[in-house]
Each structure stands twice: as structure tokens, then as C-alpha cells.
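Take a look at the structure set out below.
The values are calculated or read from the model by the stated rules, or taken from the named source; none is laboratory data. Keep in mind that what you see is a predicted model, and the values were worked out from it rather than measured. No Cβ is skipped: glycine too gets one built from the backbone with ideal geometry, and neighbour counts run over all protein chains shown. These accessible areas exclude ligands, DNA and RNA; they are computed on the full protein's heavy atoms, side chains included. Shrake-Rupley method; radii C 1.70, N 1.55, O 1.52, S 1.80 Å.
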Amino acid sequence: MATRTDKHNYYLDIAQTVSERGTCIRRNYGAIIVKNDQIVSTGYTGAPRGRKNCIDLDYCAREEKNIPSGERYELCRSVHAEANAIISADRGSMIDGTLYLVGTDFKTGKLVPNATSCAMCRRLIINAGIDKVIIRNTKTEYTEVIVRDWVFNDDTLA
């Protein structure tokens, strides 16, 4: 008898499919916001509407300057997946919801190890009223983050 995929991995699978629309030549993320077992919105990594994407330019300013992951996001051309999902939903639909996040490496297609939201996206997630973030680690394993922990225990939010 076949086993049924659990809910978290079901939504993570959808977020991973959303990430395939990403246009970053370093890492692509897919995010979906779910509330009451209903998908509220989706988002992926990509340039602002009307702007050229890195994949089209074949250029990444952060990569060209050898900037490590997690630093100098102001040089990044893309709007992050979490931000795109948040701006595509009304706040009432997000309050107490869950954001599912999956990151993949553009060159290898493998999952990004220890993926997490950047400090900028964490601020957006907090203000959106999202309760939890579920981040894929492997095909079946994930990390569950309680957003209130970022409010009280995350020193990167200055």
C-alpha cells in the first residue's frame, strides 16, 4: 500500500515547484503561504516586474563580486520569494498562517543546505502576521520555525 505524503511535505513540494519559476543564477527559492489548509499566495525569486532578470542578463552582481550568501542583499537584483508571496496576499489572509520555503542551487539543482529567510524577509514575515515558517532540508525533512522566536530571540534583526 502506498504511503500518503504528509501535509508539510505536500506544501513543500508545491513551494519547490514554485521555485522552478525563479530567475536567479545563484539560488532560487519558492514560497507559499497557507492558512486553514488553503494556499493564500505563492512567490519565487525574481527581478521586479518590468526589470530584466539575472537569468536573462546572464549576470549576478553579487556573484561577480564574490559576495558570500547572506551578505549585501542591496546589490541583489531579485525580490525574494517570501517578499513576493507576502505582497501577493492581503494581510488578513496571512495572519496566523504558515509560510513554506524551499531553496535550490541554480547550478546543481540541489536543495540549499541550512536555508532560511534573510533578515529583511524575516521582518516582512513578522509584520505580515505569519505564525510559522517551514523550511525544506531534504525531500522529507524540514525545519519548523515559530516566527515569535524571531521577534524575541533573533539578534540579526537589529
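Miscellaneous remarks
- The stretch 96-107, subset surrounded by fewer than 17 Cβ atoms within 10 Å (Cβ to Cβ) and in contact with a strand residue (DSSP E or B) (Cβ under 8 Å, 6 or more places away or on another chain), residue farthest from residue 72 (Cα to Cα): 96
- Options 134, 126: the member that is open to solvent by less than 30 Å² (accessible area, probe 1.4 Å), within 19 Å of residue 39 (Cα to Cα) and not aromatic (Phe, Trp, Tyr): 134
- Qualifying position, being in contact with a His (Cβ under 7 Å, 6 or more places away or on another chain) and either of a type in the set (Lys, Arg) or within 25 Å of residue 24 (Cα to Cα) (or both), among 45, 108: 45
- Exactly one residue out of 110, 65 is within 25 Å of residue 10 (Cβ to Cβ) and open to solvent by 20 Å² or more (accessible area, probe 1.4 Å), and it is 110.
- Filter result (over 16 Å from the mean Cα position of the chain (by Cα) and farther than 15 Å from residue 15 by Cβ) within the stretch 130-149: 148, 149
- Qualifying residue in the stretch 27-34 (condition: within 14 Å of residue 81 (Cα to Cα) and surrounded by fewer than 23 Cβ atoms within 10 Å (Cβ to Cβ)): yes
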